[in-house]
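Input: a single structure, listed below in structure tokens.
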Amino acid sequence: MSIDPSKVRNFCIVAHIDHGKSTLADRLLERAGTVALRDMRAQLLDSMDLEQERGITIKSHPVRLDYEASDGQEYVFHLIDTPGHVDFHHEVSRSLAACEGALLVVDAAQGIEAQTLNNLYLALEHDLEILPVLNKIDLPSARPDEVTHEIVDLIGCDESEVVRVSAKTGEGIDELLEAIVRLVPPPKPHRDKPLRAIVFDSVFDAYRGTIAYVRVVDGIIRTGDRIRMMGGGQIHDVMEVGFFRLSQIKTESIEAGQVGYVATGAKSVAAVQMGDTITSDAHPAEEPVLGYVEAKPMVFSGFYPIDTDDYVDLKEALEKLQLNDAALTFEPETSVALGFGFRCGFLGLLHLEIVQERLEREFDLELIATLPNVEYHAVLQDGTEVKVENPSKMPDPSELSSVHEPFVTVSVITPKEYVGGMMTLTIERRGAQTGMEYMDTDRVKVDFEMPLSELVVDYFDKIKSVSRGYASLDYELLGYRESDLVKLDILLNGEPVDALSVIVHRSTSYEWGRDLCRKLKELLPRQMFEVSIQAAIGGRVIARTNVKALRKNVTAKCYGGDVSRKRKLLEKQKEGKRRMKSVGSVEIPQEAFFAVLKVER
Amino acid sequence: MVTSRDWSVYVHVPFCEVRCPYCHFACFVNQDPDFPLRYVRAVERELDFHSGRLDSARIVSLYFGGGTPTALSAPARKELCRWLGEELRPRFAPEAEFTLEANPESLDPRVLDDWLEAGLNRLSIGIQTMHPKVLEFLGRRSTPASNLRALDLACQRVDNVSADLIVASPLDDWTGLLRSIDAITSHPVSHISAYLLEIHADTRFGREVAQGLWQPSPNDQQADLYLRLVQELADRGFHAYELSNFAQPGRESRHNGRYWTRDPYLGLGPSAHSFDGAHRWWNHRDAHRWCESVEAGTLPVEGREHLDRRAVRRERILLGLRRDEGIPEAWVEDRSRLVDDYLRAGLLERVGPRLRATPEGWLLLDEVVLRLCD
Ligand SMILES: Nc1nc2c(ncn2[C@@H]2O[C@H](COP(=O)(O)OP(=O)(O)O)[C@@H](O)[C@H]2O)c(=O)[nH]1
Ligand code: SF4
Ligand SMILES: [Mg+2]
């Protein structure tokens, strides 16, 4: 489909979470007449149930708008709403590669937050034109002038370039649409060059296979073309192409400068990796659009079906999710305590939670997820390095020469009265401050370096609570550093429970051991034998306690010859027991596996 | 259909004078003066449905349970006893055991005479406790004095008397329990059933506990009481032949014993259960529903099941381990690791080729059986 490239504007919306990306997208959709009023609902682009419920954007959502500008010309906007959570940096980054401009949305009451900065830097890396948007000016607590100054200081623009809007009331939206026409550069497409299209997202469709969301940079894609993935090497025949309204609209072709979708028929999203470049099989391009960077999982957890019979279902469910989520990794693993399951890799905790929730909801699976951990690099005495994604697999201390763990830079922006509490928390978590800067008279940005492992468990929640919800946080991987780490094992009646092993810093290992034993004592039901709970490091016990034996569980009366009832009860209990996990003769209820999570620190 | 010469008969009498707060049995407080007689006629008729089955059989035990059989109205009782004497007694095996459950407050010499005439030779009295506070808590209408009167009367007229106890209600302690044992064993009682109090959800106690109004006595305390009880009764000549049943030598309840050894029995009356060796079936729980069904000439059966091999195996283990004779070890040879664990923990013991539960094991029997059954 031919559209005059000078009339095309490709842009995304980036912002700190909750600053109003999705709501702003709603207004643009409405104003540009794409959505009939009766179809209008809030957060229109967030189509997943989970996105709607949690009010967060998880996937990138593209949409095409037709806009008649005040110059009387028709423009075609391709707008991409990007995920708003640190876990999904990668997705944001790929979406940026599909655009020429970015609306940087800042909440007029909150001001610049940690993710505002990171997203801005990302957009600048991709050479995007930044269009600053001050949102929520309708709020009584809005501080439009102050925040405008913050923005001006940050990006060095002119005050007049900051568009003031309310995505709620619609105020300023017309001005914003005009500013987009004026300021976002049109694409400079090369229709005649060999095809290059960047895949910024992909979804799996039962009928059409993997559907790549693309931005065509050069050339043209038509239905029936044979295409090749430049990074992955796979060849696909194009079943269908089209562009996005709220649903997908089929066209004959999509051309350089345009955003649209390509149905590849591929049976797995892995065959159409996000970030990869699509080219023509017959006339391939020479260079991909982006240096292809794989989204690397940062956080790992073991997922085990509660009912061991569900193993195959879990595998199939993970495969299905992976079709739509290339960042999700999983490998089979076995645990003495939990049986057969998968070690899954995630971008971050939110990603983990989302996957877990979808497995439970959409696939009706009941799971035990082990405590999230990072990937450790263990260097053995003989110099070889092993990657450890499962704490229980950490080599014995006697074989180890050193252990390295991922560190991150964290920036926290917080009102200054909470700096003290936040620092205390961060130091407890082995964080070291590297910088501090006043954003304005009231708010401070503090930078830290800290081990990712200390951040993944609940640092974010804790930061929110010490700052009464005012602090914002963002982080980025820094690299691996050596740390004095030990593996803490939990033994029940002398037998190690692999799924309860944790890797902790030596300096806090005693507290960990003691608290874990105490928590487990609360969570383990009394059994037919006394159960000893021990915490040990490399075979040396550092904390212990025990759970007294259960003494009575019997039906005193088998009345009037009603044996059926008793037997059926037994059969029901047997069913329930199948779901219990056991180590040696100790039966462990699910909750116990979350003990580590519940240890108050 | 399995045929056997020896059958037991259970008759469920659904009437009670009040509803005890812990009771989950099929019983109700009847207001209709004509219903008891209708009920008795229906019992008679229900037996007729099974005449084919029983024609060639002998009745080795007969048990009237409830409910409160002694609470039957006089006309109903008279009719029942007439029928018993004329119809059932001729089918009794020699030395058949004929038991009646009785509440102390409704045990009256005239009532007893009618039953004795019909062939009664064993009486089971619901003493429950001799502690006045506990009696009150349990919602019983008897007093320590009426309990004693009932024991006196029973022992004068009947040779084989059993007393029921409820153990480990929240107010119960060892001193109180000992007082009850003293009172009972100072009579020529030959059998004691002692049940740990169970709280069932659909009872007044169940609701009270759910609301947090009071708490059942702690497990450990119940276990201590039970173990002391087993020892104390053994010292007084009552051995535990089942986990809740204690008897002087030779005075074990034959009727109940046949439930645990899986011998055939026929249940008559609402909610009664029957077993023919291969099937189990049970009657409508609601007395009127049961009655109407019988009157209409249809079997008042609510449910029935055929036992497959696995079910039989489970029943054998589950029932067998309740008895002091236990089970042949060969029945659980596929669980030898567990058996060893339980032997070591003192929950089971070996007697020749058999395994039986110790008193500690009885206390945990539901757990043990759950794991020993496949
Ligand atoms: N008062 C007011 N609230 C807004 C405005 N824009 C968004 N919101 C609210 O701010 C919250 C976060 O908005 P959302 O669009 O989900 O943010 P996102 O996380 O960036 O996608 C929602 O409760 C919106 O209703 C605005 O202009 N004014
Ligand atoms: S007397 Fe027996 S059957 Fe009747 S209500 Fe009380 S416990 Fe239940
Ligand atoms: Mg959103």
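Scan the range A:527-537 for residues that are more than 7 Å from every other protein chain (Cβ to nearest Cβ) and touching a Ser or Thr at 6+ places or on another chain (Cβ under 7 Å) and report the count. Even if it seems obvious, please write down each step before you answer.
Let us first name the residues in the range A:527-537 that are more than 7 Å from every other protein chain (Cβ to nearest Cβ), namely A:527, A:530-537.
Checking the rest, the ones that are also touching a Ser or Thr at 6+ places or on another chain (Cβ under 7 Å) come to A:533, A:537.
Adding up the residues that qualify gives 2.
Considering B:Glu232, B:Glu252, which residue is modelled with pLDDT of 95 or more and within 21 Å of B:Val158 (Cβ to Cβ)?
Values: B:Glu232 fails: within 21 Å of B:Val158 (Cβ to Cβ).
Step by step, each of B:Glu232, B:Glu252 is checked, and only B:Glu252 is modelled with pLDDT of 95 or more and within 21 Å of B:Val158 (Cβ to Cβ).
Test A:Val184 against the criterion of being among the β-branched types (Val, Ile, Thr) and either buried (at least 24 other Cβ atoms within 10 Å of the Cβ) or touching a helix residue (DSSP H, G or I) at 6+ places or on another chain (Cβ under 9 Å) (or both), and give yes or no.
Numbers: among the β-branched types (Val, Ile, Thr): yes; either buried (at least 24 other Cβ atoms within 10 Å of the Cβ) or touching a helix residue (DSSP H, G or I) at 6+ places or on another chain (Cβ under 9 Å) (or both): no.
So A:Val184 does not fit the description; no.
Where in the range B:267-374 are there helices (runs of 4 or more DSSP H), lying fully within it, with 3 or more residues that are within 11 Å of chain A (Cβ to nearest Cβ) and open to solvent by 20 Å² or more (accessible area, probe 1.4 Å)?
B:309-320, B:336-344
Does the range A:429-439 contain at least one residue that is of a type in the set (Val, Ile, Thr), open to solvent by 30 Å² or more (accessible area, probe 1.4 Å) and either modelled with pLDDT under 90 or in contact with a Pro (Cβ under 8 Å, 6 or more places away or on another chain) (or both)? Full working, then the answer.
So in the range A:429-439, the residues of a type in the set (Val, Ile, Thr) come out as A:434.
The next check asks that each one be open to solvent by 30 Å² or more (accessible area, probe 1.4 Å); those that pass are A:434.
Filter once more, so that each one left must be either modelled with pLDDT under 90 or in contact with a Pro (Cβ under 8 Å, 6 or more places away or on another chain) (or both): none.
Scanning the range A:429-439, I find no residue that is of a type in the set (Val, Ile, Thr), open to solvent by 30 Å² or more (accessible area, probe 1.4 Å) and either modelled with pLDDT under 90 or in contact with a Pro (Cβ under 8 Å, 6 or more places away or on another chain) (or both), so the answer is no.
Condition test on B:Ala210, is it without any contact (Cβ under 8 Å) to a residue 40 or more places away in the chain and within 14 Å of chain A (Cβ to nearest Cβ)? So that I can check it myself, show each step before the final result.
Values: without any contact (Cβ under 8 Å) to a residue 40 or more places away in the chain: yes; within 14 Å of chain A (Cβ to nearest Cβ): no.
Judged against the criteria, B:Ala210 is not a match.
Based on this model, can you work out whether A:Tyr213 counts as of a type outside the set (A, V, I, L, M) and surrounded by 24 or more Cβ atoms within 10 Å (Cβ to Cβ)?
Values: of a type outside the set (A, V, I, L, M): yes; surrounded by 24 or more Cβ atoms within 10 Å (Cβ to Cβ): yes.
In short, yes.
Could you pull out every one of the strands (runs of 3 or more DSSP E) wholly within the range B:1-103 that has 2 or more residues that are within 16 Å of ligand 2 (Cβ to nearest atom), surrounded by fewer than 22 Cβ atoms within 10 Å (Cβ to Cβ) and more than 18 Å from the chain's Cα centre (by Cα)?
Fully inside the range B:1-103 and qualifying: nothing.
Of the residues that sit in the range A:538-556 and are open to solvent by less than 20 Å² (accessible area, probe 1.4 Å) and touching a residue at least 12 places away in the same chain (Cβ under 8 Å), which one is farthest from the other protein chains (Cβ to nearest Cβ)?
First pass over the range A:538-556, keeping only residues open to solvent by less than 20 Å² (accessible area, probe 1.4 Å): A:543, A:547, A:554, A:556.
Filter once more, keeping what is touching a residue at least 12 places away in the same chain (Cβ under 8 Å): A:543, A:547.
Values: A:Ala543: 26, A:Val547: 13 Å.
Among residues in the range A:538-556 that are open to solvent by less than 20 Å² (accessible area, probe 1.4 Å) and touching a residue at least 12 places away in the same chain (Cβ under 8 Å), the one farthest from the other protein chains (Cβ to nearest Cβ) is A:Ala543.
Only residues that are within 12 Å of ligand 2 (Cβ to nearest atom) and either among the hydroxyl-bearing types (Ser, Thr, Tyr) or farther than 18 Å from B:Asp173 by Cβ (or both): list them for the range B:128-139, please.
The one that is within 12 Å of ligand 2 (Cβ to nearest atom) and either among the hydroxyl-bearing types (Ser, Thr, Tyr) or farther than 18 Å from B:Asp173 by Cβ (or both): B:Gly139.
Can you run down the residue pairs with Cβ atoms below 7 Å, 6 or more apart or on separate chains, where the first is in the range A:109-121 and open to solvent by 10 Å² or more (accessible area, probe 1.4 Å) and the partner is part of a loop (DSSP other than H, G, I, E, B) and polar (S, T, N, Q)?
Going by the 7 Å Cβ cut-off, the qualifying pairs are A:Ala109/A:Ser141.
So A:Ile427 ticks every box in (1) outside any loop (DSSP other than H, G, I, E, B); (2) within 25 Å of A:Ile17 (Cβ to Cβ); (3) of a type outside the set (D, E, K, R) but one. Which box is left unticked?
A:Ile427 satisfies every listed condition except (2).
Among the residues of the range A:129-181, write down those that are outside any strand (DSSP E or B), in contact (Cβ under 8 Å) with a residue 60 or more places away in the chain, within 16 Å of ligand 1 (Cβ to nearest atom) and at negative phi.
Once the filter is applied, which keeps residues that are outside any strand (DSSP E or B), in contact (Cβ under 8 Å) with a residue 60 or more places away in the chain, within 16 Å of ligand 1 (Cβ to nearest atom) and at negative phi, the range A:129-181 yields A:Val165, A:Ala167, A:Lys168, A:Ile173, A:Asp174, A:Leu176, A:Leu177.
The values are calculated or read from the model by the stated rules, or taken from the named source; none is laboratory data. Here the structure is a predicted model, which means the values were calculated and not measured. Here the Cβ is made from the backbone with ideal geometry for all residues, glycine too, and neighbour counts use every protein chain on show. Accessible surface is based on the protein model in full, side chains and every heavy atom, while ligands, DNA and RNA are left aside. Shrake-Rupley method; radii C 1.70, N 1.55, O 1.52, S 1.80 Å.
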